[in-house]
1. Name every residue in the range 128-164 that is surrounded by 13 or more Cβ atoms within 10 Å (Cβ to Cβ), closer than 22 Å to residue 244 by Cβ and of a type in the set (S, T, N, Q), in order of residue number.
2. Which residue is surrounded by the fewest Cβ atoms within 10 Å (Cβ to Cβ), if the candidates are limited to the range 208-245 and must be of a type in the set (Gly, Ala, Ser) and free of Cβ contacts under 8 Å to residues at least 40 places away in the same chain?
3. Just a yes or no: is a residue in the range 140-156 assigned to a helix (DSSP H, G or I), touching a Leu at 6+ places or on another chain (Cβ under 8 Å), under 24 Å from residue 33 (Cβ atoms) and not small (Gly, Ala, Ser)?
4. Answer yes or no as to whether residue 167 is out of contact with any helix residue (DSSP H, G or I) (no Cβ under 8 Å at 6 or more places or on another chain) and either assigned to a helix (DSSP H, G or I) or surrounded by fewer than 13 Cβ atoms within 10 Å (Cβ to Cβ) (or both).
5. Would you mind telling me which numbered condition in (1) free of Cβ contacts under 8 Å to residues at least 60 places away in the same chain; (2) in a helix (DSSP H, G or I); (3) buried (at least 17 other Cβ atoms within 10 Å of the Cβ); (4) of a type outside the set (Asp, Glu) residue 22 fails?
6. Kindly list the number of the only condition in (1) among the polar types (S, T, N, Q); (2) outside any loop (DSSP other than H, G, I, E, B); (3) surrounded by fewer than 18 Cβ atoms within 10 Å (Cβ to Cβ) that fails for residue 50.
7. Which condition number in (1) touching a Ser or Thr at 6+ places or on another chain (Cβ under 7 Å); (2) modelled with pLDDT of 95 or more is the one that residue 28 fails?
8. One residue is enough: does the range 175-187 have a residue meeting the conditions assigned to a loop (DSSP other than H, G, I, E, B), in contact with a Lys or Arg (Cβ under 8 Å, 6 or more places away or on another chain) and surrounded by 17 or more Cβ atoms within 10 Å (Cβ to Cβ)?
Amino acid sequence: MYTFIFLSLCAFSSGILAENLGKWTVPELNTLLHSTQTIADEGTKIAHLSQQFLNTPYKAHTLIGSAKKAEQLTLRLDGVDCLTYLENVEALRRSHSYADFTENLKAVRYKDGVVAFQNRNHFFLNWRDNNARFVTDVTQQVGETASKMKIKYLNEPLHKPLIPGIPVVETLVHYIPGVRIDNKILSRLKNGDYVGLYTDRNGLDVTHVGIIIKKGQQVFFRHASNEPYVQQVVDAEFVNYFKYQRGFVVLRPLDI
C-alpha cells in the first residue's frame with residue numbers, strides 16, 4: 001500500500017508551504033537519489049528518474065501564487081502537469097538527497113532560485129534561459145536545415161496578457177516542423193532530451209512538454225498527458241505524436 005504524506009509547514013526556512021510525496025517516503029527518495037547519482041550519463045539518469053513517475057496522475061493547478069497572491073513553493077509528487085513533471089525530474093537529477101531536491105526545485109522553477117510569482121518560469125523558454133547552466137537548446141543541432149526560427153513575444157496580449165502580473169518578453173524560438181521528422185532527426189535526438197510542442201499562437205512558445213526516451217531503435221515521448229482517457233504520465237510513440245504538429249523545441253541536459 002502506498003504511504004501518503006501531506007505536511008503543511010509554518011516555518012518557511014526551507015521555502016516549502018506544502019509537500020505531498022504520493023507513493024514515496026523521504027528515506028525511499030534518498031535511496032533512489034543515491035543510486036541514481038551513480039549513473040554517469042545524464043540522459044540515462046533522466047530516463048531512470050522519469051520512469052519512476054509512469055502512471056502518476058495528471059494534476060493541474062498545483063502551484064500556489066499569482067499577481068495578487070503570495071507565491072509559495074509547493075512540492076507535489078502525487079500528481080503532476082507537464083511542466084511540473086519536468087521540473088521534478090530535473091531537480092531530482094541534480095540532487096543527492098531529499099534536502100537537495102527541495103532546494104534544487106527552487107532553482108529549476110524560479111529565476112535565481114527566488115520564490116516569487118514574477119520569478120516563476122511560466123514558459124518553457126523561460127525555463128531554458130533561467131537554467132542555462134544545466135540545459136542547452138539543441139533544436140538547430142537536431143534539426144539542421146529542417147529547423148526554422150521565429151521571434152515570439154511571450155505573454156503578448158490579444159486583449160489582455162495571458163498571465164497577469166508578468167511582462168512581455170521578446171524571445172527567439174527555433175523549432176523543427178513535425179512534417180520534417182525523418183530518421184536523421186530521430187537519430188540526433190538523445191535519451192533524456194526535454195521537448196516542447198511548438199505553437200504559432202501569440203504570446204506562447206510551446207503548449208506541452210515532455211521527455212525523449214529511446215528504447216532500442218524506438219523513440220518515445222514521455223509526458224504527463226491531460227487527454228481525457230489518459231490523465232497520467234505515459235510513453236507515446238514520438239513520430240505518431242509529433243508528425244502532424246506545428247513543430248517542436250529540443251533542450252538537452254548538460255553534465256553536472
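1. Passing the criteria: 139, 147.
2. Taking the range 208-245 and keeping what is of a type in the set (Gly, Ala, Ser), we get 210, 216, 224-225, 236.
With free of Cβ contacts under 8 Å to residues at least 40 places away in the same chain added as a condition, the list becomes 216, 236.
Values: 216: 5, 236: 17.
Only one residue fits best here, namely 216.
3. Here is the first cut: in the range 140-156, the ones assigned to a helix (DSSP H, G or I) are 140-146.
Checking which are touching a Leu at 6+ places or on another chain (Cβ under 8 Å) leaves us with 142.
Among the residues that remain, those that are also under 24 Å from residue 33 (Cβ atoms) are: none.
Scanning the range 140-156, I find no residue that is assigned to a helix (DSSP H, G or I), touching a Leu at 6+ places or on another chain (Cβ under 8 Å), under 24 Å from residue 33 (Cβ atoms) and not small (Gly, Ala, Ser), so the answer is no.
4. Working: out of contact with any helix residue (DSSP H, G or I) (no Cβ under 8 Å at 6 or more places or on another chain): yes; either assigned to a helix (DSSP H, G or I) or surrounded by fewer than 13 Cβ atoms within 10 Å (Cβ to Cβ) (or both): yes.
Here the answer is yes, as residue 167 does meet what is asked.
5. (2)
6. (3)
7. The single condition residue 28 does not satisfy is (1).
8. Step one: of the range 175-187, the residues assigned to a loop (DSSP other than H, G, I, E, B) are 177, 181-182.
Cutting the leftovers down to in contact with a Lys or Arg (Cβ under 8 Å, 6 or more places away or on another chain) gives us 177, 181.
Next cut, surrounded by 17 or more Cβ atoms within 10 Å (Cβ to Cβ) only: 177, 181.
Yes: the range 175-187 contains one or more residues that are assigned to a loop (DSSP other than H, G, I, E, B), in contact with a Lys or Arg (Cβ under 8 Å, 6 or more places away or on another chain) and surrounded by 17 or more Cβ atoms within 10 Å (Cβ to Cβ).
The values are calculated or read from the model by the stated rules, or taken from the named source; none is laboratory data. In this text the structure is predicted, and so the values were computed from the model without any measurement. Using ideal geometry, Cβ is built from the backbone for each residue, glycine included, and neighbour counts are taken over all protein chains shown.
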